[in-house]
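Notes follow once the structure below has been shown.
The values are calculated or read from the model by the stated rules, or taken from the named source; none is laboratory data. Just so you know, these numbers come straight off a predicted model, no measurement behind them. Please note: Cβ atoms are built from the backbone with ideal geometry, for glycine as well, and neighbour counts cover all protein chains shown. When the accessible area is computed, the model is the full protein with side chains, heavy atoms only, and any ligands, DNA or RNA have been set aside. Shrake-Rupley method; radii C 1.70, N 1.55, O 1.52, S 1.80 Å.
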Amino acid sequence: MEFAFTDEQVMIADTVRGFFAEHASSERTRAAMAASGTAAGIDRALWSSFASELGLAGVGLPEDHGGAGLGMVEFALVAEAAGSKVAAIPLLGLAMVGRGIAAGGSDAQKSQWLPRLAGGEVMAAAAWADGLRANDGRLSTTLNFVPHGGAADLLLVYGGDDAWLVDLKGDGVAVTTHVTMDQTRPLATIVLDGAAVEPLADGRAATMAALAAGWICLSAEALGGAQETLDRTVAYSRERVQFGRAIGSFQAYKHRLADMMVEIEQARSAVYWAACALDEGSEEATLALHAAKSFCADTYHMCAGNMIQLHGGIGFTWEHDAHLFFKRARSILTLLGDGQWHREQVARLIMGAAA
Amino acid sequence: MKLGFSPADEAFRAECAAWLTAQMNGPFADIRGIPNLCDAIPRRKEWEQQLAAHQWSCIGWPEQWGGRNATLAQQVIFAEEYARAGAPNRINHIGVELAGPTILAFGTEQQKAQYLPGIAAGTAIWCQGYSEPGAGSDLANVKTKARLESGEWVVNGQKVWTSLAHYSDMIFVVARSEEGSKGPKGISFLLMDIDQPGIEVRPIRQMNGEAEFNETFLTDARCAGDAMLGARGDGWKVAMALLAFERGVSTLGQQMQFRNELDAVIDAARTHGKAADPVIRQRIAKAEIGLRLMRYGALRMLSGTDPAAIDGAALTYKIQWATWRRDLGELAMDVLGQAGEIADGDHDGWGPLPNMYLFSRSDTIYGGTNQIQRNLIAERGLGLPREPRGEL
Ligand SMILES: Cc1cc2nc3c(=O)[nH]c(=O)nc-3n(C[C@H](O)[C@H](O)[C@H](O)COP(=O)(O)OP(=O)(O)OC[C@H]3O[C@@H](n4cnc5c(N)ncnc54)[C@H](O)[C@@H]3O)c2cc1C
């Protein structure tokens, strides 16, 4: 037992942090936000250098299918760094679909899709649906609120004992991208009207793996974002002077920043506990995932809200980045199960279902 | 990063679990699971000595001083099994977890030989003489004076809130040894026998009815000239290092007590018909999550490879657990309803959960209040400007 990063993990963290700090600038993110249609909320150039130059899109995917190996701890380091810059990339879809296929796909499906996902050639999105039935290998349904559904090429429909892959460029597929509050991860409505689908070999395994990866991704993004709101607010508190003092010298202000740090440190424990438990196949993994998703989302939203408050008027402007964090935090609160739902799952695990 | 335990660790777990359960089901069954620090003191002193006799009293210490040189994983395991077996709160917590490690870090070989065996054997119970009427959060404002008189320290002053002083054999005292000094400079860290004519201990009744802490009056109290850790006038450093041990491995044992308390709240929710109440379920889940994060925060803090780095997990740990327990106390009372307010018999006859509810109000005060923690986090963790000092 050693709950600290290995040297290799520290190196990965430094590399991805450096990468996103250099490339995922506010200007580039805002350019992606301003685009529409299939370009909405996607920095394609960033995604391709992330996947091909940095070669980190394969983290958490099996090496014998073109992935980089490693585990969810390393993936969380990547998602934390991406989240800290609110990078406009389809990381969530990659994690859910890649891990879903790796867990529930046949060998043929794995070798068909995983190398292309890891290489960044194919962008993926995932949509939850329960109780669907395919007819002659075709599916008809409406899937709402699909993150980055407008930009994706490949869709994983998951949620029950079955899971399917859908070519989003194929016939019988209509995608509408919505203008979404978090413009760095727009939601889409996808209508399948007799679209050809390919069932995964083990739909249940794919569903569980996709959800676990999604929860880790969102938790780690939230951690990175929350830490960034704290760092930026601390920096501002040293510069801004009122009443002849740096505002960071006022105790009410200091204490709010301290409260942010207290929550963020717990969020950090949550993310890496969950990721590590998942990698080790620990029996605590399920509880850890629910804990991480609910705790980190709450932490991020609290911190991003504080960032606005502690910046005063400038924090309420479009020009300032505070709203990017705030809106990403808001969307993470709801995505893949809200806090109440996750906490109820924790309650079930420790005290059984409500009689 | 690795959470799992090795087969050797699991063998160690089996060994301590077997011993602890045998004790708690056998010779020490009468003190199994008693929550309060003040109950059954003589029996708990015997328990300390039983732990010592089997080399379980301070497993993290070097073997030379009665420990086992236990690894972090082993200390985690022992803390878990200790609580699982229902063994009582350690009455010599201050000796084993605070005084001992500080003596190991700052003591001369002669001092180690003089003080450590008593702690390891469970025969010397220690208490902490820091706070004074005029020096609480502002500990550097201590007024207790120490002067050297024919090779002996002679100490005069008053300490307050001294936990367990009435059961203790030894007290470490932070006193001003340099005439005219102010603030952190000029303070010495003295190790004194409590049982002497110059020290008078008067218990103070707490709001939960118990009297766990005391006023401690020092009137020409004495100790040897070399009964001092660190250099003369340089005791502040020692006093601060000791506080850092409060965030050490002892937190693991404390967490296991919290585990038992949360389990008791969950049981109470079942017996009081609240187990299906969605709001209570949310709060219990939150408490469970908070407790798990406390565990992994502690493991991060203890696994940290670079002790010099400002470690966020360590800096935020105190306010985190204190606030968690205060919230748990409130949850416990909401679960119990009015039944929680009935104390049959004495005014301190509350059950363990109502008592925890009351006691938890001190968790956010001792060891640095929540406000002081926030100052420390902001100043040391985030590098913000320090609080100005006044002139009063
Ligand atoms: C149950 C219990 C056991 C204890 N055991 C021991 C013991 O064994 N040995 C020992 O030496 N001491 C012990 N203490 C004392 C404890 O450490 C002090 O009570 C604590 O440090 C606070 O000091 P104080 O009581 O003087 O409060 P004060 O320092 O007077 O604080 C009063 C209020 O003012 C706030 N405040 C003070 N300074 C600031 C600031 N700079 N910024 C913002 N707010 C501020 C505090 O947060 C608090 O809310 C114990 C206390 C309790 C309750």
Overall Cα dimensions of region A:213-254, principal axis frame, Å, largest first: 49, 17, 8
Reduction of at least 30 Å² in accessible surface, 1.4 Å probe, comparing all protein chains with the chain by itself, residues of region A:1-49: A:1, A:2, A:3, A:4
Residues losing 10 Å² or more accessible surface upon assembly, region A:312-355, compared with the chain by itself, 1.4 Å: A:340, A:343, A:344, A:346, A:347, A:350, A:351, A:354, A:355
Region B:334-392: chymotrypsin sites (Phe, Trp or Tyr not before Pro) in DSSP coil with no more than 14 other Cβ atoms inside 10 Å: none
Region B:40-87: relative contact order as a whole-number percent, Cα under 8 Å and 6+ apart: 19 percent
10 Å Cβ shell holding at most 11 others, DSSP loop, chymotrypsin sites (Phe, Trp or Tyr not before Pro): longest site-free stretch of chain A: A:1-242
Cα-based Rg of region B:220-305 normalised by 2.2 N^0.38 Å, two decimals: 1.75
Environment charge of residue A:192, counting only residues whose C-beta is closer than 12 Å and scoring Lys/Arg +1, Asp/Glu -1: -2
Using alpha-carbon coordinates, inclination of helix B:317-336 to the longest axis of chain B, degrees: 40 degrees
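Do you know the relative contact order of region A:206-354, to the nearest whole percent, from alpha carbon pairs under 8 angstrom that are 6+ apart?
Working: 159 pairs, mean separation 44.0, N = 149.
In percent, rounded to a whole number, it is 30.
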Carbon plus sulfur fraction of accessible area for region B:126-231, probe 1.4 Å, in percent: 52 percent
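As a test of the definition: with a 1.4 Å probe, what buried accessible area, both sides summed, do you compute for B against A, in Å² to the nearest 100?
On the way: alone 19050 and 15730 Å², together 30390 Å².
Looking at B and A, the buried total is near 4400 Å².
Looking only at other chains, what is the average number of their beta-carbon atoms within 10 angstrom of each beta-carbon in A:266-277? It would help to have the intermediate numbers written out before the result.
Values: counts 12, 1, 6, 12, 5, 1, 4, 9, 2, 1, 5, 3.
Across the residues of A:266-277, the mean count of other-chain Cβ atoms within 10 Å is 5.
How about region A:101-204: which trypsin sites (Lys or Arg not before Pro) there are in a DSSP loop, with at most 13 other Cβ atoms within 10 Å of their Cβ? Working shown, then result.
Working: sites: A:110, A:116, A:133, A:138, A:169, A:204; in loops: A:133, A:169.
Listed in order of number, the matching sites are A:133, A:169.
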Inter-probe distance in nm under a simple model that places probes 7 Å from Cα toward Cβ, at residue B:243 and residue B:69: 3.4 nm
Cβ-defined net charge surrounding residue A:265, 10 Å radius [Lys, Arg +1; Asp, Glu -1]: 0
Within region A:229-296, GluC sites (Glu not before Pro) in DSSP loop having at most 11 other beta-carbon neighbours inside 10 Å: A:283
Where the Cα pairs of chain B fall when distances are cut into 10 Å bins, in %: 5, 21, 32, 28, 12, 3, 0, 0
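Report, in deg cm²/dmol and to the nearest 500, the calculated mean residue ellipticity at 222 nm for chain B, where each DSSP H run with n ≥ 4 adds -39500 (n - 2.57) and the sum is divided by the residue count. Provide the component values of the computation, followed by the final result.
Numbers: 12 runs with 167 residues, N = 392.
Taking each H run of at least 4 residues, the total per residue is -13500 deg cm²/dmol.
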Nitroxide proxy distance, nm - points 7 Å out along Cα→Cβ at residue B:182 and residue A:334: 5.9 nm
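Tell me what chain A gives for mean residue ellipticity at 222 nm when only DSSP H runs of n ≥ 4 count, each as -39,500 (n - 2.57), the sum divided by the residue total, rounded to 500 deg cm²/dmol. Write down the numbers at each step before the final one.
Details: 11 runs with 189 residues, N = 355.
The helix contribution divided over chain A gives -18000 deg cm²/dmol.
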Whole-percent pair-distance distribution, where bins are 10 Å wide, for the alpha carbons of chain A: 6, 25, 34, 24, 9, 2, 0, 0
Tilt relative to chain A, helix A:203-239 - C-alpha long axis, 0 to 90 degrees, to 10: 20 degrees
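Can you give me the % of accessible surface on region A:230-324 that is carbon or sulfur? Probe 1.4 Å, all protein chains present, nothing else counted.
On the way: 2010 of 3690 Å².
The computed percentage sits at 54.
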Hull-based mean projected area of region A:206-354, where the convex hull spans the alpha carbons, in square nanometres: 10.1 nm²
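Counting residues in region A:92-216 as N, plug N into 2.2 N^0.38 Å and put the Cα Rg over that result. Could the numbers behind the result be given before it?
Details: Rg = 13.1 Å, N = 125, 2.2 N^0.38 = 13.8 Å.
Here the Cα radius of gyration is 0.95 times the empirical estimate.
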Relative contact order %, chain B, counting alpha carbon pairs below 8 Å whose residues are six or more apart: 12 percent
Top of A:335, A:92, A:61 by mean-square fluctuation, Gaussian network on chain A, Cα under 10 Å: A:335
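Taking R0 as 35 Å, what FRET efficiency do you get between residue B:211 and residue A:309 from their Cβ-Cβ distance, rounded to the nearest 0.05? Write down the numbers at each step before the final one.
Numbers: r = 44 Å, r/R0 = 1.27.
Computed FRET efficiency for residue B:211 and residue A:309 comes out at 0.20.
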Max mean-square fluctuation residue, GNM over chain B, Cα-Cα springs under 10 Å, options B:256, B:240, B:301: B:240
Along principal axes, Cα extents of region B:126-231, largest first, whole Å: 42, 28, 21
Computed P(r) (all Cα pairs; region B:247-381; 10 Å bins; percent): 11, 38, 31, 15, 4, 0
Scaled radius of gyration (Cα, divided by 2.2 N^0.38 Å) that the protein assembly as shown gives: 1.06
Apportionment of accessible area to carbon and sulfur, region B:240-392, percent (1.4 Å): 54 percent
At least 10 Å² of accessible area lost relative to the chain alone, listed for region B:267-284 with a 1.4 Å probe: B:270, B:275, B:276, B:281, B:282, B:284
Once exposed loop GluC sites (Glu not before Pro) are cut out (DSSP; at most 10 other Cβ, 10 Å), longest piece of chain B: B:180-390
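In square angstrom, what is the accessible area per residue of the protein assembly as shown with a 1.4 angstrom probe? All intermediate terms of the calculation are to be shown ahead of the outcome.
Details: 30390 Å² over 747 residues.
On a per-residue basis, 41 Å².
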